Amino acid sequence: RIMTNPTIRVETAETEAAAWHARLGVRNVSTATIEEFFAWRAEPTNAAAYRRVEKIWADTGKLGGDPEIAGALEAAMSRKAGAASSRGVPRTLLGLAAVGAAAALAIGAWAWQQSRTVFATGVGEQRLVQLADGSSIRLDTASRIRVRFADGRRLVDLERGQALFTVAHDRTRPFIVDAGGTQVTAVGTVFDVRRDGATVSVTLVSGAVDVTPEGAGRAVRRMAAGEQTRVSSNGLDTQAADVEAETSWTDGRIVFRDTPLRQAVSEVNRYLTAKIELDAASLDAVPVNGVFRTGDRDAFVSTASQVFELEVSPGPDGTVRLSERKNN
């Protein structure tokens with residue numbers, strides 16, 4: 001009977017895993033590619049190899065200054081020095097060149113790993129991120145996330161902004177979103193997380209999630225579909241949510257339903273580089289109802305000025321001011 005060599009198979013799996021890691025790190029990954037990856041990873045040897053590759057890249061940034069790494073590099077240089085000297089290459093120059101190359105490789109690998117796990121959008125921009133596990137993350141305007149798959153967990157740090165998470169079901173690896181210390185834990189579900197300063201809002205579209213606020217003695221809040229939990233200095237507050245309105249940004253819309261005018265202007269401004277300034281204190285709390293395209297400043301300004309009889313004044317820096325008319 002012919003026996004396969006397990007060492008060679010592992011080396012092949014490592015090579016294939018590295019190739020998959022690079023292939024899945026591009027900005028857009030097709031569904032066909034993801035399905036092909038799942039089929040490849042179904043084999044235990046491949047799955048183990050891919051986990052090792054993930055760990056290697058996750059740990060790359062931690063190697064700088066490690067005394068064991070430095071010792072290993074020095075030993076390697078010592079072994080090579082004799083052969084190099086016989087060819088007329090000065091030992092010192094060889095050592096410096098090798099150290100420089102190793103440092104450049106480590107820095108380059110760390111930078112590559114960082115660039116493929118950090119995703120961000122500018123003002124007015126949205127982006128869809130496909131993860132290797134089949135999950136997807138849609139980023140809203142001016143948002144930034146950092147993705148890490150390690151220690152049997154799928155971790156996402158929401159550093160700023162808002163994102164809609166569609167999580168692939170995997171009971172063995174919880175999907176955890178950290179937003180300023182507040183953690184949202186899911187297995188397979190769809191939910192929206194938004195950071196507004198120190199306040200975090202979690203809207204659950206489907207499935208179930210656990211929300212855990214920052215701090216000692218944290219009480220876990222289990223959410224049901226159709227609910228929104230706000231985490232602030234006042235604690236946790238869970239209410240029924242208007243899910244369509246809360247997630248309308250994913251379709252490029254802003255939905256206002258009895259939204260105070262001041263808040264509506266602030267929401268529109270999230271998608272604008274040239275902002276709207278509201279100078280109408282007496283109208284701050286007046287309710288606004290309507291649907292607007294994200295980034296469509298002209299439509300909002302035109303509607304608001306007509307409905308509330310506001311005066312429109314363009315600013316020299318590209319902003320526009322809405323103010324109460326003097327004859328009101």
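Listed values, structure above:
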{"read-out": "Residue that is out of contact with any helix residue (DSSP H, G or I) (no Cβ under 9 Å at 6 or more places or on another chain) and on the phi < 0 side of the Ramachandran plot, where the choices are A241, A280", "value": "A241"}
{"read-out": "Members of region 131-168 found to be out of contact with any Pro (no Cβ under 8 Å at 6 or more places or on another chain), among the basic types (K, R) and over 27 Å from E244 (Cβ atoms), listed by number", "value": "R146, R148"}
{"read-out": "Subset of region 137-147 (residues that are surrounded by fewer than 17 Cβ atoms within 10 Å (Cβ to Cβ) and more than 14 Å from R195 (Cα to Cα))", "value": "R146"}
{"read-out": "Which listed residue, of S248, S302, S282, is out of contact with any Ser or Thr (no Cβ under 6 Å at 6 or more places or on another chain), touching a residue at least 40 places away in the same chain (Cβ under 8 Å) and more than 26 Å from V193 (Cβ to Cβ)", "value": "S282"}
{"read-out": "Matching residues, region 167-202, being acidic (D, E), farther than 15 Å from I145 by Cβ and in a strand (DSSP E or B)", "value": "D196"}
{"read-out": "Cβ pairs under 6 Å, 6+ apart, first in region 229-245 and touching a residue at least 12 places away in the same chain (Cβ under 8 Å) and within 18 Å of T182 (Cα to Cα), second acidic (D, E) and outside any loop (DSSP other than H, G, I, E, B)", "value": "R230/D237; T238/E227"}
{"read-out": "Some residue of region 292-305 being assigned to a strand (DSSP E or B), at positive phi and touching a strand residue (DSSP E or B) at 6+ places or on another chain (Cβ under 9 Å)", "value": "no"}
{"read-out": "Unmet criterion (only one of (1) outside any strand (DSSP E or B); (2) of a type outside the set (F, W, Y); (3) surrounded by fewer than 19 Cβ atoms within 10 Å (Cβ to Cβ); (4) touching a residue at least 40 places away in the same chain (Cβ under 8 Å)) for E277", "value": "(1)"}
{"read-out": "Those residues of region 232-274 which are assigned to a strand (DSSP E or B) and not small (G, A, S), in sequence order", "value": "L236, D237, T238, Q239, R253, I254, V255, F256, R257, D258, T259, P260"}
{"read-out": "Candidates L261, L283, L204, L272 - the one that is farther than 30 Å from P314 by Cβ and crowded, with 18+ Cβ neighbours inside 10 Å", "value": "L204"}
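Values quoted throughout were computed directly from the atomic coordinates according to the rules given, and no laboratory measurement underlies them. Since the structure is predicted, the reported quantities are computational estimates derived from the model, not experimental observations. Cβ atoms come from the backbone with ideal geometry, glycine included; neighbour counts cover every protein chain shown.
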